Amino acid sequence: MIYSYCKKCKQESPGDVCQSCGKRATAAAQRDIWSIAAVPLADSRAWRGALYALLCVVGLLLILIFGLEAMLSGSVKAARLWNSSLPQLVFSILPLGLLLTFLFLMAQGREVNVYVMDPHGAHLQTWHQPSRMKSWARLQSFDPAKDVPQQDGSVMHLSQERHMLWQDVQSVKYKPGKAVILLYHTPYCAPMVLRLPAEEYELAAAYVGKYCKGK
């Protein structure tokens with residue numbers, strides 16, 4: 001949803017018109033803000049990333065072990081080693097790694113992603129309920145200083161922040177069917193993922209397009 005800041009009244013209002021004085025805000029004073037509740041355990045991107053990493057580890061181990069064996073002892077001994085129980089041991093990394101991934105993602109519980117787009121760039125904050133276990137499951141140290149009281153009286157923990165300036169965006173991918181926008185600072189690598197409620201997608205896409213024309 002678009003929020004605008006009125007310098008005259010020194011307050012922020014929903015929409016592009018100040019609710020106090022009725023003055024229309026300039027584009028530079030407008031921000032697009034929304035939030036998405038998520039469960040990391042159901043995040044397909046996390047599972048794909050874990051599977052890709054595990055496959056790379058298994059592949060590298062196989063190449064290292066059997067490649068060195070073939071170079072040092074010959075192909076015959078390498079074949080005998082392949083027929084041993086060692087390959088099964090290496091491949092067992094896959095199910096064990098997926099089980100460990102499941103436990104870590106389950107321990108992370110529920111989180112809330114808050115997105116803000118302003119004239120400078122896109123910003124993401126991830127929040128979850130204060131918990132040492134939830135922080136450790138995200139491979140983070142627990143810092144009570146990041147516990148922030150909310151307006152409803154609850155307390156949320158700031159897990160991470162990410163910022164991307166519009167000038168650093170190299171390319172943009174729009175996926176209206178999934179209500180997702182991907183901002184790339186490096187082609188095909190580690191995009192900033194903007195997940196949106198379906199009803200907010202068109203507004204956010206227009207906001208991104210305003211600052212990322214032709215990207």
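Below is a table of values for the structure above.
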{"quantity": "Gyration tensor (alpha-carbon) shape descriptor, the range 136-215, a/c threshold 1.5", "calculated": "prolate"}
{"quantity": "Radius ratio Rg over Rh of the range 1-62, counting only Cα atoms, Kirkwood formula for Rh", "calculated": "1.48"}
{"quantity": "Whole-number percent relative contact order across the range 1-77, with pairs defined as alpha carbons under 8 Å at least 6 apart", "calculated": "20"}
{"quantity": "Projected area averaged over orientations for the range 155-199, convex hull of C-alpha atoms, nm²", "calculated": "4.5"}
{"quantity": "Average projected area [Cα convex hull, the range 50-168], square nanometres", "calculated": "11.7"}
{"quantity": "Solvent-accessible surface (1.4 angstrom probe) belonging to residue 154, in square angstrom, nearest 10", "calculated": "50"}
{"quantity": "Net charge over other residues, Cβ less than 15 angstrom from the Cβ of residue 205 (K, R count +1; D, E count -1)", "calculated": "+3"}
{"quantity": "Extreme residue, positive dipole direction of the chain, given options 142, 189, 113 (C-beta unit charges)", "calculated": "189"}
{"quantity": "Portion, in percent, of the accessible area of the range 10-99 that falls on carbon or sulfur, probe 1.4 Å", "calculated": "66"}
{"quantity": "Tilt relative to the chain, helix 93-108 - C-alpha long axis, 0 to 90 degrees, to 10", "calculated": "30"}
{"quantity": "Prolate/oblate/rounded label for the range 128-171 (Cα gyration tensor, a/c 1.5)", "calculated": "oblate"}
{"quantity": "Cα gyration tensor of the chain - equivalent ellipsoid semi-axes, whole Å, descending", "calculated": "47, 22, 13"}
{"quantity": "Mean Cα-pair separation over length for the chain, i.e. relative contact order, pairs under 8 Å, 6 or more apart, %", "calculated": "16"}
{"quantity": "Residue-level accessible surface for residue 114, protein heavy atoms, 1.4 Å, Å²", "calculated": "40"}
{"quantity": "Probe 1.4 Å, accessible area per residue of the range 57-102, Å²", "calculated": "70"}
{"quantity": "Value of Rg to Rh for the range 27-96 (Rh from inverse mean 1/r over Cα pairs, i.e. Kirkwood)", "calculated": "1.40"}
{"quantity": "Anchor residue 175: lysines whose Cα lies under 25 Å away (excluding residues fewer than 8 positions away in-chain)", "calculated": "210, 213, 215"}
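The values are calculated or read from the model by the stated rules, or taken from the named source; none is laboratory data. Here the structure is a predicted model, which means the values were calculated and not measured. Because the Cβ atoms are built from the backbone with ideal geometry, glycine has one as well, and the counts that use them run over all protein chains shown. For the accessible areas, the whole protein counts, side chains as well, though only heavy atoms, and no ligand, DNA or RNA atoms are used. Shrake-Rupley method; radii C 1.70, N 1.55, O 1.52, S 1.80 Å.
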